[in-house]
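The values are calculated or read from the model by the stated rules, or taken from the named source; none is laboratory data. Please read all numbers here as calculations on a predicted model, not as lab measurements. Here the Cβ positions follow ideal geometry from the backbone for every residue, glycine too, while neighbour counts run over all protein chains shown. In case anyone asks, the SASA skips ligands and DNA or RNA and just uses the protein heavy atoms, side chains included. Shrake-Rupley method; radii C 1.70, N 1.55, O 1.52, S 1.80 Å.
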Amino acid sequence: MKKRIRQSYIQKRNNLNLNFILDVSERICEQILSQFPLEDAQTIALYYPFNQEVNVLPIIEALLQKNKRVVLPKVLSKTTMGFFEISHLEDVEVSAFGVKEPISTVEVPVHTIEWMFIPGVAFNPDCYRLGYGAGYYDRFLQHASIKTVGVAYDFQITDEFIPEAHDVPLMYVITENRLLQHRNEDDSSNPNMGS
């Protein structure tokens, strides 16, 4: 079931045209910068967009200009990933998977990451994420205390899949049209609930 849904949503995303991606990504970036208290944070994890994912490069640039510590994921083995700092958008290289990853070899301690913005193939309305199937984020977040935000186009929100026991919900999912919050979090719908 998950495999079929994953293929369907990857296909939908692959069919997006460049103008849609740029326009909607810009709107989502504006939402992120206005909705979340990133001014109060020092270390923020993002991702280098891959395969038509929401383009968050403008956020990375904006945070770097404000001297924030920006970290991106890097696959370390078949089961693990870590986060590494970049100082410029050029501080990356293409991995064996075709994803741009940080060149740095100095892993950033998990406990220093305050906010993490995460891509996905699809998300459900309760902020559970469907990724590519390797489980890197689920394993990484299992024992981490980080404020997590899924970043998605609105069409990626679906109730077609049911979370499994090992799935870790995100605190929020943001699209160009809405901000979803996991129901076990603070009842307030405002993410500005502290840094």
TODO: Select from region 54-68 the residues that are assigned to a loop (DSSP other than H, G, I, E, B) and touching a strand residue (DSSP E or B) at 6+ places or on another chain (Cβ under 8 Å) and write down the one among them that is surrounded by the fewest Cβ atoms within 10 Å (Cβ to Cβ).
DONE: Lys68
TODO: Pairs only if they're at least six apart or on different chains, beta carbon under 7 angstrom, first in region 85-102 and in a strand (DSSP E or B), second among the acidic types (Asp, Glu) and surrounded by 19 or more Cβ atoms within 10 Å (Cβ to Cβ); list them, first residue then second.
DONE: Val92/Glu101; Glu93/Glu101
- [ ] Select from region 104-137 the residues that are open to solvent by 20 Å² or more (accessible area, probe 1.4 Å) and among the hydrophobic types (A, V, I, L, M, F, W, C) and write down the one among them that is farthest from Met81 (Cα to Cα).
- [x] Val106
TODO: Give Lys78, Lys74, Lys12 a once-over and let me know the one that is open to solvent by 20 Å² or more (accessible area, probe 1.4 Å), among the charged types (D, E, K, R) and in a loop (DSSP other than H, G, I, E, B).
DONE: Lys78
Open item on the list: Would you confirm, using the coordinates I've provided, whether Phe50 is open to solvent by 40 Å² or more (accessible area, probe 1.4 Å), without any contact (Cβ under 8 Å) to a residue 24 or more places away in the chain, aromatic (Phe, Trp, Tyr) and outside any strand (DSSP E or B)?
Closed with: no
Open item on the list: If I filter region 90-103 down to residues being modelled with pLDDT under 95 and either of a type in the set (Lys, Arg) or open to solvent by 30 Å² or more (accessible area, probe 1.4 Å) (or both), which single residue comes out as nearest to Val149 (Cα to Cα)?
Closed with: Val99
Open item on the list: Six or more apart or on different chains, Cβ atoms under 6 Å: show the pairs whose first residue is in region 35-46 and of a type in the set (Ser, Thr, Tyr) and whose second is part of a helix (DSSP H, G or I).
Closed with: Thr43/Thr112
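Specify which of the listed residues (Ala165, Ala144) is closer than 22 Å to Lys78 by Cα and touching a helix residue (DSSP H, G or I) at 6+ places or on another chain (Cβ under 8 Å).
Details: Ala165 fails: touching a helix residue (DSSP H, G or I) at 6+ places or on another chain (Cβ under 8 Å).
Within the list Ala165, Ala144, the selection yields Ala144.
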